[in-house]
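Okay, structure first, notes after.
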Amino acid sequence: MPAIRSISLETKNARVSAEKSCPFCCADIPREAKKCRACGEWVVSTSHGIAAMALRFFGVCWALVSVAIAAGLWFAGQSIRAWVWMHSVNAQITPRVVDFVLYVVIAVVLLKGIAIGVGFGIMARLAPRRPRWWT
Ligand SMILES: [Zn+2]
């Protein structure tokens, strides 16, 4: 009797170690499984892939370059403002008008740059997740 019990315990342990529990739906799935057959969730580390990573990097660079261009426009605008203050012969073109045009241009550059950067990030997020090749 003890022998039979020992064998059945070993069999049970072997079955337990050959399977694992899905962290999402708690179904028993093979230990080597990468995707749960019951709920379809990946049970290994996944990523959006190298193309999505490059896309996200490009989006961040785009947003940073836009901020740099806006800062450059700001400093250039200060010089233009000073020049207008000193040299404008047209009474309609006051430093206040220059400020308004400058702020509008800077706002457009910033909003467009950030919107496109976020857009690239969203496109990267839309890429399907696959098991990571580096783990
Ligand atoms: Zn599952």
For residues that are out of contact with any helix residue (DSSP H, G or I) (no Cβ under 9 Å at 6 or more places or on another chain) and among the β-branched types (Val, Ile, Thr), scanning just segment 22-64, find the one that is farthest from the ligand (Cβ to nearest atom). Ile50
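Across segment 123-135, which residue is nearest to Ala51 (Cα to Cα) among those that are touching a residue at least 12 places away in the same chain (Cβ under 8 Å) and exposed (fewer than 12 other Cβ atoms within 10 Å of the Cβ)?
First, the residues of segment 123-135 that are touching a residue at least 12 places away in the same chain (Cβ under 8 Å): 123-125, 127-132, 135.
Then keep just the ones that are exposed (fewer than 12 other Cβ atoms within 10 Å of the Cβ); that gives 128, 135.
On the way: Pro128: 11, Thr135: 18 Å.
Looking at residues that are touching a residue at least 12 places away in the same chain (Cβ under 8 Å) and exposed (fewer than 12 other Cβ atoms within 10 Å of the Cβ), I get Pro128.
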What pairs come up if the first residue lies in segment 38-66 and is more than 12 Å from Ala127 (Cα to Cα), the second is aromatic (Phe, Trp, Tyr) and within 16 Å of the ligand (Cβ to nearest atom), and their beta carbons are under 7 Å apart, counting only those six or more places apart or on different chains? Cys39/Phe24; Glu41/Phe24
Every residue in segment 89-122 that is surrounded by fewer than 16 Cβ atoms within 10 Å (Cβ to Cβ) and within 30 Å of Glu41 (Cα to Cα), please. Val118, Gly119, Ile122
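Given the condition in a helix (DSSP H, G or I) and either modelled with pLDDT of 90 or more or hydroxyl-bearing (Ser, Thr, Tyr) (or both), answer yes or no: does some residue in segment 16-25 qualify?
Filtering segment 16-25 down to residues in a helix (DSSP H, G or I) leaves 16-18.
From the residues that got through so far, the ones that are either modelled with pLDDT of 90 or more or hydroxyl-bearing (Ser, Thr, Tyr) (or both) too are 17.
Within segment 16-25, one or more residues are in a helix (DSSP H, G or I) and either modelled with pLDDT of 90 or more or hydroxyl-bearing (Ser, Thr, Tyr) (or both).
Within segment 42-59, track down each residue that is more than 19 Å from Val118 (Cα to Cα) and not aromatic (Phe, Trp, Tyr).
Val43, Val44, Ser45, Thr46
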Residue pairs meeting the criteria (Cβ under 6 Å; at least 6 apart or on separate chains; first free of Cβ contacts under 8 Å to residues at least 40 places away in the same chain and closer than 12 Å to Val43 by Cβ, in segment 18-29; second near the ligand (Cβ under 9 Å from one of its atoms) and assigned to a strand (DSSP E or B)): Cys22/Ile29
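The values are calculated or read from the model by the stated rules, or taken from the named source; none is laboratory data. As the structure is a computational prediction, the values presented were derived from the model and not from experiment. Virtual Cβ from ideal backbone geometry, glycine too; neighbours counted across all protein chains shown.
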